[in-house]
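All remarks here apply to the structure that follows.
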Amino acid sequence: MTDPAGSPHISPPPARLRAGAGLTGGREAALLGCVQDLARAARETSYVAMDRRQLEDYLQAVLSRLVRALVAEPFSTDAAYQVGTELVGAHFTGPEMSGWTVKILGSRLLPDLDLDTPAYRSRLAAVLGAISTSFARALRDRTLDDQEDIRRAAHLAQDQAERALRDSEERRRVEARRDPLTSLPNRVGLTEHLTGVLADAAPGHRIGLALLNIDRFQAIYDTLGPDAADQLLAAAADRFRDHLPAGAVLARIGGDEFALLVPATDGPDDLVKPADTLLAALTSEPVYAGATPLNLTASAGLIERPATSVDANELLRAADIALSWAKTDGRNRWRLFDPDRNTSDTARWTLAAELPIALRDRQLVVHYQPMISLTDGRLHAVEALVRWQHPRHGLLPPGRFIPAAEETGLVVPLGRLVLADACAEAATWAEQAPNPPLLSVNLAAAQLRDPGFLGDVLDTLDATGLPPERLQFEILETAVIHPDDAALTTLHALTDAGIRLAIDEFGTGHANHTYLRRLPLHELKLAAEFVTRVGGPHAERLDQHVATSLIDLGHTLGLTVTAEGVETHDQAAWLRAAGCDTAQGWHYTGAVTSDRLRQLLRSRRVSP
Amino acid sequence: MERPAWAPAELDLDRPNAARMYDYFLGGSHNFAVDREVAVQAIEAWPDMPRVMQANRAFLRRAVRFMLDQGIRQFLDIGSGIPTVGNVHEVAQDAAPDARVVYVDTDPIAVAHSRAILAGNDRTAVVQADGCNPDALLADDHVRRLIDLDQPVGLLMVAVLHFVPDDRDPPGILARYRSRLAPGSGLTITHASTEGSPARAPVEELYRRTPTPIQLRGRAAITGLFAGFDLVEPGVVYLPEWRPEHPEDVDEHPEWVSGFGGVGLLR
């Protein structure tokens, strides 16, 4: 290969061919064949961004320079070297291009120019060598540059992809913690925030959390549809946001449930005030779903605690319990979490949840408490009292589970069960005693409303063979103060069938007793609180007057009067003197099992 | 779109890529071993491959010049790939220095490289986007900066629609563009075809290794892509046959190129 810097020693061509500055027109024309051959080679070996004319003009110019160099004195390959570089620069980069150039120029240039002499052949060889060398070098440089460019682009793209990935992960992280409708933190966001505050809490740090729930939102959703409901929620969120105290965090943690986090409190007031403000803000003016104004209210459950003693889930659960209190207490209000209320609630609701199992597995048993005649000591009646033989808690009194049963409606099947058991038992009492006592069974308001109740009672009497006149129902005064027509009809049907009716805990429900005249009653059971202070050294004169007037009222209406909760001999003596007919209580006996009751019946005696 | 707009694009340097293979076929070195390996196999299966690519590139030049002659001064080059030689802005700005060109490609490397090449040319821009989502693309800031949709646009779909399978509905995509373009706009399409080349199967197979498998279409289907545009003479033809710069540029058997091209104008 020829080194362009140190040109080879080549003898000069004949003088006639030594050219001046340019080529003659004749020589230009002579080059045309070479130009066309080269153009064809170029087009076939590379993509050249020129049309046919541009390409030929370009190659003509290149060749002219080569020819000038070929005939120049002193001879130099510098121009030829430059041409090789330029061809690469003009993208004549096909791998065959260099070879074709050498071949075409080597075979036709000198004959076409009429310069085919040994001296020019020698010069041409040097020129072609320089072109090949510079072409190869330029092509290699270009390849390396291209490779560097594309690798740089790849690195750049990779950096960008990684940055985009990081951004999108961050975005995803943020999106996962944000509610898209309101742009507030969602449950995940709130929990994370809460956990962070709790983790950083120093001793003495207190924290407040309120859960806010739009009242009766389901009804709004059902009426207006999901779009309007969303608009309302967004508007409610805006309303809350506008009244948010500094430092507090608002979140939307469920459909219509929001949370207010006060990260640092000095006491419940620091939570109650902002929560109350939010509730008031919501009710202060209508919230719009589109153009529809709606008056919204919300309920809130609040918990305020030392931040070092709770975790996020406990706080959320406590606030949720307090929220349920606010709802059951009538909505549009807040309730602060109270551990005592929670404990009793928890026990009650746990039992309520287990009650269906108790019914299925017959864990409920009936105990019996006698009512004794104050005149002759006879067994007047026996009250059936349900107990729960709980597998873990032992024998539970009705007060532990009847309220829950009433709330869940389970009191109806429970009542049916008690009635069936007690009637079956009472039907056997005639075998134990010639004048068996009445069976007195408590009746819940829900049972009275149950359309199947009357039929159940009559079927049970049929099935057990207990005569209707030996069955008595005890109804709470509160259940019959305003009886509806259906309840009245049922009560009359019961008494028409021969069944007796008693008012239970009389005197506790209402001051006005005119309702008594509308009911087909047989008996009054005087509430224990009127009995407690009527006898003995601590007897109260006022209590005695009240008790006397209640007993008289019962007698005026032609009813048997029974005193409940009689615990002492003095009380019994006073009641007997006051004309009370029968008495029930620990002074005689508590509730006993059916077996024990049969023994009592056989002995015809009840202590004392 | 199933994927959120902010999710990062795929970048897999271990897979051959159509844009870099195209660069190799045109004699460029903006490619990696993994691209060259598949490109060489393609050339072995179909030795005319580099000439086909050159013919495609030459078609692009003629089509851009034609559209310039129609007065179009803004170009949207979808699937622009790796800038090598004879890029749209070079052709356009050579004839009309005020011409604006937006290059669009999905491949992040092609985009990064294009941006490096075009740095300093404020009448060009490079957008990393999927040309199959016209509305998203036309809403891009770069596009809005350089392309005035009230003026004619030269929409270039050069050697790109055969990477768009039928289930992405190429006619629907083009209809979407058409609805956004002003009268006087031009559509240029070149498309690899089932007609012509005998080496169809191996090429299809090789492109299956890239993120953009190829779907060849017949001349009728390719002609159908111009729906709503008035095809200019000579219609959809083998690439060298379209308005050759010189009669000798067309040989007797142009079907060797196995690809069709055409230009349509929007009335």
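Data overview
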read-out: Farthest positive-ward along the protein assembly as shown dipole, Cα basis, beta-carbon charges - from A:V35, A:V418, A:Q571; value: A:V35
read-out: Choice from B:S179, B:S193, B:S114 showing the highest fluctuation, given a GNM over chain B with Cα pairs closer than 10 Å; value: B:S179
read-out: Listed peptides A:222-235, B:69-82, A:49-62 by packing density, highest first (mean Cβ within 10 Å); value: B:69-82, A:49-62, A:222-235
read-out: Charge dipole (debye, nearest 20) of chain B; +1 at Cβ of Lys and Arg, -1 at Cβ of Asp and Glu; value: 480
read-out: Computed over the stretch A:374-482: relative contact order in percent, which uses C-alpha pairs under 8 Å that are six or more apart; value: 30
read-out: Rounded tilt (10° steps) of A:25-45 against the dominant C-alpha axis of chain A; value: 30
read-out: Rounded to 5, the percent of DSSP beta bridges in the stretch A:349-602 classed as antiparallel; value: 40
read-out: Cα-based helix-to-principal-axis angle, A:269-284 vs chain A, degrees rounded to 10; value: 80
read-out: Separation of alpha-carbon centers, the stretch A:548-589 and the stretch A:86-120, rounded to whole Å; value: 137
read-out: Alpha-carbon centroids, the stretch A:252-326 and the stretch A:444-469: separation in whole Å; value: 48
read-out: Potential lengthening between A:A119 and A:D222 on full extension [0.36 nm per residue; Cα-Cα distance subtracted]; value: 26.7 nm
read-out: Rounded if a/c under 1.5, otherwise prolate or oblate - the stretch A:349-602, Cα gyration tensor axes; value: rounded
read-out: For chain B, built as a Gaussian network whose Cα springs stay under 10 Å, the top-fluctuating residue of B:Y103, B:Y238, B:Y207; value: B:Y207
read-out: The stretch A:70-161, relative contact order [Cα under 8 Å, separation at least 6], %; value: 46
read-out: Debye-sum result for the stretch A:260-392 in log10 I(q)/I(0), which assumes one identical scatterer on each alpha carbon, at q = 0.09, 0.16, 0.19 Å⁻¹; value: -0.52, -0.91, -1.08
read-out: Positive minus negative residues near A:E170 (Lys, Arg vs Asp, Glu; Cβ under 14 Å); value: +3
read-out: Percent breakdown of C-alpha pair distances by 5 Å bin, ordered from the shortest bin, for the stretch A:520-583; value: 4, 21, 34, 25, 11, 4, 1, 0
read-out: Kyte-Doolittle mean at least -0.5 and Cα axial length at least 20 Å: DSSP H helices in chain B; value: B:49-69
read-out: FRET efficiency for B:T194 and B:D167, using Cβ-Cβ distance with R0 set to 30 Å, rounded to 0.05; value: 0.95
read-out: Net charge contributed by nearby residues that have their C-beta within less than 15 Å of B:P202 (K/R +1, D/E -1); value: -2
read-out: Mean Cβ count within 10 Å, highest first, over the residues of peptides B:241-254, A:91-104; value: A:91-104, B:241-254
read-out: Using a Förster distance of 22 Å, the FRET efficiency for B:D150-B:A96 (Cβ separation, nearest 0.05); value: 0.75
read-out: Distance in nm between pseudo-label sites at A:L359 and B:A119 (7 Å out along the Cβ direction from Cα); value: 8.0
read-out: Net length gained if the chain between A:D266 and A:Y515 were fully extended (0.36 nm per residue, minus Cα distance); value: 84.3 nm
read-out: Inter-label distance for A:R602 and A:R40, nm, one decimal - labels placed 7 Å from Cα along Cα-to-Cβ; value: 13.5
read-out: With Cα atoms, 0 to 90° folded angle of helix A:312-328 axis to chain A main axis; value: 50
read-out: Cut-off under 5 Å, modelled amide H: who pairs with A:E474 long-range; value: A:V441, A:N442, A:L443, A:A502
read-out: Shielding by partners - mean other protein chain Cβ count within 10 Å, residues of A:45-57; value: 5
read-out: Average other protein chain Cβ within 10 Å of Cβ, residues B:81-91; value: 2
read-out: Extent along principal axes [Cα atoms of the protein assembly as shown; Å; largest to smallest]; value: 166, 60, 50
read-out: Global geometry of the stretch B:1-151, whether rounded, prolate or oblate, following the gyration tensor of its Cα atoms and the 1.5 cut on a/c; value: oblate
read-out: Within 10 Å of each Cβ in A:159-169, the average number of Cβ atoms from other chains; value: 4
read-out: Peptides A:575-586, A:327-338 ordered by average Cβ neighbours within 10 Å, highest first; value: A:575-586, A:327-338
read-out: Potential extension, A:R187-A:S324 segment - 0.36 nm per residue separation minus Cα distance; value: 47.5 nm
read-out: Relative contact order of chain A, defined on C-alpha pairs under 8 angstrom at six or more residues apart (%); value: 8
read-out: Net charge of Cβ neighbours under 12 Å - reference A:L521; Lys, Arg +1; Asp, Glu -1; value: 0
read-out: Cβ-Cβ FRET estimate between A:D484 and A:A528, R0 fixed at 25 Å, reported to 0.05; value: 0.30
read-out: Most fluctuating residue given options B:V237, B:V158, B:V88, as computed from a GNM of chain B linking Cα atoms under 10 Å; value: B:V237
read-out: Nitroxide proxy distance, nm - points 7 Å out along Cα→Cβ at A:L542 and B:D251; value: 12.4
read-out: Per-selection Kirkwood Rh - the stretch A:29-71 (Cα, Å, 1 d.p.); value: 10.6
read-out: Shape call, chain B: gyration tensor on alpha carbons, a/c limit 1.5; value: rounded
read-out: Approximate shape of the stretch A:187-337 as ellipsoid semi-axes (Cα gyration tensor, √5λ), whole Å, largest first; value: 27, 14, 14
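Values in this text are rule-based calculations from the coordinates and carry no lab data. These figures come from a predicted structure and were not determined experimentally. Heads up, the Cβs are rebuilt from the backbone with ideal geometry, glycines too, and the neighbour counts pull from every protein chain shown.
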